[in-house]
Each structure stands twice: as structure tokens, then as C-alpha cells.
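Chemist: Following this message is one structure expressed as C-alpha cells.
The values are calculated or read from the model by the stated rules, or taken from the named source; none is laboratory data. Computed from a predicted model, the values in this text were never measured in an experiment. Ideal geometry is used to build each Cβ from the backbone, glycine not excepted, and the neighbour counts take in all protein chains shown. These accessible areas exclude ligands, DNA and RNA; they are computed on the full protein's heavy atoms, side chains included. Shrake-Rupley method; radii C 1.70, N 1.55, O 1.52, S 1.80 Å.
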Amino acid sequence: MRSAHITLALMLILALCRLAPAGDPQEFSSPGLPPSQVDDQGRLIEDWGTVDVRLSGEGIVAGESQVSAVKLDEVIPAVQAVSNHGAVEMNRTMYRAPIFPAGVDVLRVQLKELQGKPLDAVLALDASAGTQLGQRTARIGGRTVLVLPREVIDKQALLDWGYSDEAVSLPGWARPAQECDAAFRNIRAGMGGVPIVYRFSVPASSQATVVLGLCESHWNAAGQRPIRCRVEGAPEQPVDPVAKWGQHQPGLLVFQARDEDGDGKLVVSVRPGVHAPDQNPILNVIWVFAAGEPPALDKVLAGQLNDAAQYYVDVGGEKDQSIYPPGKLEFPVHLAAGETQELTFLVACPGGNAPVPSTSDWNAAKLLRAAHDVWRDWPTATQ
């Protein structure tokens with residue numbers, strides 16, 4: 001009899017373990033896809049790294065997360081991590097949206113002011129090392145792992161120069177057929193038609209001479225990848241690199257630029273030609289020189305005037321950089337008395353990429369609807 005009681009007790013313990021009570025690690029997914037993990041601190045753990053959200057500021061204290069499995073719309077498996085930080089309650093909700101091809105994880109962060117008075121705080125999104133910020137995304141290598149709300153990026157401090165786009169760095173892509181600056185071997189490419197965009201700090205309303213370097217090493221015939229090059233304050237220059245210089249031949253375009261809007265930033269961009277068969281623009285090198293007579297272009301092409309430039313960018317090379325500082329993504333939050341704010345982050349799930357905003361129309365409402373529809377129909381589909 002005693003052994004039977006012991007066996008029954010062990011079975012009960014195992015059953016309780018399977019229920020994964022609040023505070024234990026949890027997981028969620030879409031039907032038939034690998035799950036994502038949430039640890040007992042509410043951190044989202046993916047195959048590429050970890051995403052954590054933290055609060056700081058006056059009246060903010062450390063708070064322990066209560067992690068539990070929940071159902072959204074009564075059908076969507078999700079995980080919630082709720083923590084009280086004195087002046088603010090933070091509620092993180094995580095679920096999988098089944099978008100093609102591998103889905104995307106949705107992280108909703110809700111902040112509620114509790115003490116009945118206005119509050120200023122700092123929200124930090126702490127992602128794994130190696131992430132590089134673009135216009136609204138963070139990447140590891142060529143993989144888009146995070147999509148950030150516009151409210152986050154708009155409040156970020158900026159470096160003196162860097163890219164602010166969703167393009168991809170491809171070092172060693174080009175094969176210049178003549179002696180030239182080493183940067184002609186590297187590119188950034190606007191995959192899917194996204195523009196390549198760089199910003200440079202300059203004195204407000206000042207002028208500059210900007211030189212762009214290009215080398216097309218994929219197409220051997222003209223008409224495949226015409227592009228449109230724009231530098232603030234100068235006329236746009238459309239160019240077909242193969243038609244103008246030939247395949248594997250480095251070439252230069254010169255612009256007399258000006259900070260037209262007086263914001264202290266000079267913007268350089270490359271976009272695909274309107275009817276280009278290949279809609280992926282490329283760019284190899286940028287030089288920003290002082291205004292005046294254009295520099296000797298043969299010396300620019302050879303890399304002999306790099307030190308004379310105010311800015312020299314090996315686009316897609318080792319020293320290229322995002323205009324957004326590396327490290328923790330921190331931004332200020334102002335909560336009115338009793339106010340609740342919600343921010344939605346998209347996170348690459350196992351085997352997937354987060355959808356780039358400029359090439360997709362997914363938003364929080366559409367993602368929730370997609371998850372609702374697949375789980376609503378799932379029991380019928382499996383019978």
C-alpha cells in the first residue's frame with residue numbers, strides 16, 4: 001500500500017511539473033513550428049540570441065517578473081511576464097504570428113503609471129551582442145532579428161555619420177578590374193528595392209563636394225541595374241554603371257552638395273531606377289570633401305585623397321557603421337498620471353527573419369489577426 005502511495009505521489013509531482021506554473025520558463029509557437037523560449041525572468045530566448053526589456057528612472061525599482069502561459073483572444077498561445085517597478089507596472093506579452101515563411105515573434109510591452117503623477121523613465125531593449133541597428137531594424141550579419149517601433153528610433157542619439165537604412169553589407173562582392181581604392185571591392189545592397197541612405201554631420205546650411213564610387217560586378221550588360229544617386233542640395237544623377245564604365249570598372253560621380261534644410265545633416269542616398277529589371281541598388285564608396293573645386297578624380301579613384309576627405313566611407317567594409325550607436329537600445333518614456341503606453345517589437349523566431357517595414361505592410365493588428373485565424377482553424381485542420 002505504501003509503495004502505491006509513493007507511486008501516486010510521484011505521478012502527481014510529474015503532472016504538476018508538466019503544468020509549468022507561473023514563474024517557470026515557458027514556450028510558445030505556431031502549429032508545427034519550433035517554439036521560442038521565455039525564461040523565468042521574462043527574457044525571450046531565440047536561436048540567434050536573447051531579448052530583454054528593462055526600466056530605469058526616478059521612482060523605478062527592481063521588480064520580479066511573474067511569468068505565465070496565457071491565451072490571447074481565447075485561442076492564441078502566449079506568454080506574459082508581469083513586473084511591478086514601484087511607479088510603473090510592466091507587462092510583456094509574447095506570441096508567434098504565422099507569417100510566411102517561418103513566422104515572427106511579437107513582443108508587446110505595456111507600461112502603466114501607478115502613482116497618479118507624471119513620470120519620466122528610460123526603457124532599454126537589451127539584445128545579444130553583435131546586433132547592428134538600421135533605420136528601424138537590428139541585424140546580425142545578413143539576418144534581420146528585430147523590428148523596432150518608430151517611436152523608439154525617433155528618440156535615439158545619433159553618431160556623426162553612418163547608414164540609416166535597411167540595406168545589407170556585402171564585403172568582397174565587387175571585383176574591380178583596375179587599380180583603385182580598396183573600398184571598391186565592398187558594397188551595401190538595397191535588397192528588395194530598399195534605398196541605401198547615409199547621413200553626415202556638417203555645419204548647418206554648409207556646402208560640400210561629395211564623390212560616390214560605384215563598381216558593378218554582377219551584370220555584364222547595360223540596362224539591368226540603372227540606379228538614381230541623390231545628394232542633398234544637388235541635382236539627382238541617374239546612372240547605369242555598366243553603360244557608363246563597364247562591368248568590373250570603378251567609376252565616380254561628383255555632386256556639389258548643400259545642407260538644404262539646415263538641420264546639420266547631409267543626406268546621401270541611392271535608389272533603384274524606376275523601371276530597372278534589377279531593383280537592388282548598390283553603392284561602394286563615399287567621399288565628402290570641403291566645398292570648392294572638385295578634387296583630382298584620378299587620385300580619388302586610386303585612394304590617394306582618403307585622408308584629405310572630411311568623411312571617407314568604405315561602404316559595406318569593416319569600418320562602415322550604422323548612424324545609431326551600438327549597445328543597449330535606450331529611449332525616454334513619458335507617462336502621464338495613470339497613463340498606459342504600449343510598444344510592439346517584432347523578433348526573429350527560430351529559423352526566421354523579422355519582416356523589414358519598408359518591404360512589408362505587417363502591423364500589430366494584422367499580426368494578431370493572423371495568429372488568431374491559424375489557431376482558430378487549427379483543431380478542425382487536425383481532425
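Chemist: What shape does the range 247-329 take by its C-alpha gyration tensor, where a ≥ b ≥ c are the square roots of the eigenvalues and a/c under 1.5 counts as rounded, a/b above b/c as prolate, and the rest as oblate?
Modeler: In terms of gyration-tensor shape, rounded.
Chemist: Please state, as a whole number in µm²/s, the translational diffusion coefficient that the Stokes-Einstein equation yields for the chain at 20 °C and 1.002 mPa s, with Rh defined as the Kirkwood radius across alpha carbon pairs.
Modeler: Rounded to a whole number, D works out at 91 µm²/s.
Chemist: Angle check, please: helix 2-19 long axis (alpha carbons) against the longest principal axis of the chain (alpha carbons), in degrees 0 to 90, nearest 10.
Modeler: It is inclined by approximately 30 degrees.
Chemist: Among GLN156, ALA167, ALA183, whose Cα lies farthest out toward the positive end of the dipole of the range 138-190, if unit charges sit on the beta carbon of Lys, Arg (+1) and Asp, Glu (-1)?
Modeler: The listed residue farthest towards the positive side: ALA167.
Chemist: Please give the Cα centre distance for the range 184-222 versus the range 226-274, rounded to the nearest Å.
Modeler: Centre-to-centre (Cα) distance: 7 Å.
Chemist: So if I place +1 on the C-beta of Lys and Arg and -1 on the C-beta of Asp and Glu, and nothing else carries charge, what would the dipole magnitude of the range 23-130 be about its Cα centre? I want it in debye, nearest 20.
Modeler: With Lys and Arg at +1 and Asp and Glu at -1, about 240 debye.
Chemist: Who wins for biggest fluctuation among PRO31, PRO176, PRO355 in a Gaussian network model of the chain, springs between alpha carbons below 10 Å?
Modeler: So, out of PRO31, PRO176, PRO355, the one fluctuating most is PRO31.
Chemist: Here's a follow-up. What area, in nm² and to one decimal, does the C-alpha convex hull of the range 290-383 cast on average over all directions?
Modeler: Average projection, Cα convex hull of the range 290-383: 13.7 nm².
Chemist: Any idea what the dipole of the chain comes to, in debye rounded to 20, about its Cα centre with Lys/Arg Cβ at +1 and Asp/Glu Cβ at -1?
Modeler: Here the chain has a charge dipole of around 700 debye.
Chemist: Looking only at the range 94-113, which residues have a backbone nitrogen under 14 Å from a spot 7 Å from the Cα of ASP373 in the C-beta direction?
Modeler: Within reach of a label on ASP373: 97-100.
Chemist: I want to check the label-to-label distance for SER360 and ASP47. Put each point 7 Å from Cα in the C-beta direction and report it in nm to one decimal.
Modeler: 1.6 nm
Chemist: Can you work out the PRE-style zone for LYS117? Point 7 Å along Cα to Cβ, and I want the residues of the range 70-106 with backbone N under 16 Å.
Modeler: 86-88
Chemist: Could you tell me which residue out of LEU335, GLN256, LEU367 lies farthest along the dipole of the chain toward its positive end? Charges go on the beta carbon: Lys and Arg +1, Asp and Glu -1, centred on the Cα centre.
Modeler: Among LEU335, GLN256, LEU367, the one farthest towards the positive end of the dipole of the chain is LEU367.
Chemist: Give me, ordered by chain and number, the residues 5 or more places off VAL333 or on other chains with an amide H under 5 Å from its own placed amide H.
Modeler: ALA121, VAL122, LEU123
Chemist: Oh, and also: Non-local amide H neighbours of ASN284 (under 5 Å, H modeled in plane, Pro and chain starts lacking H): which ones?
Modeler: Amide H to amide H, under 5 Å and 5 or more residues apart or across chains, ASN284 pairs with GLY213, CYS215.
Chemist: Turning to a different aspect of this structure: Ignoring any ligand, DNA or RNA, what whole percent of the accessible area of the chain comes from carbon and sulfur when the probe is 1.4 angstrom?
Modeler: Ligands and nucleic acids excluded, carbon and sulfur give 52 percent.
Chemist: Sticking with this structure for a sec: Could you work out the mean projected area of the convex hull around the alpha carbons of the range 66-222, in square nanometres to one decimal?
Modeler: Its Cα hull, projected and averaged over all orientations, spans 15.7 nm².
Chemist: Helix 364-382 versus the longest principal axis of the chain: what is the Cα-based angle in degrees, 0 to 90, to the nearest 10?
Modeler: 50 degrees
Chemist: Magnitude of the Cβ-charge dipole of the range 249-338, K/R +1 and D/E -1, about the Cα centre, nearest 20 debye?
Modeler: 120 debye
Chemist: Next question. Given the -39500 (n - 2.57) contribution per DSSP H run of 4+ residues, what per-residue ellipticity at 222 nm results for the chain, rounded to the nearest 500 deg cm²/dmol?
Modeler: -4000 deg cm²/dmol, from helical runs alone.
Chemist: For the range 84-128 and the range 313-370, compute the distance between their C-alpha centroids and round to whole Å.
Modeler: Distance between centres, Cα-based: 13 Å.
Chemist: How would you classify the range 141-257 from its alpha-carbon gyration tensor, with a ≥ b ≥ c the square roots of the eigenvalues: rounded for a/c under 1.5, else prolate if a/b is greater than b/c, otherwise oblate?
Modeler: Verdict is oblate for the range 141-257.
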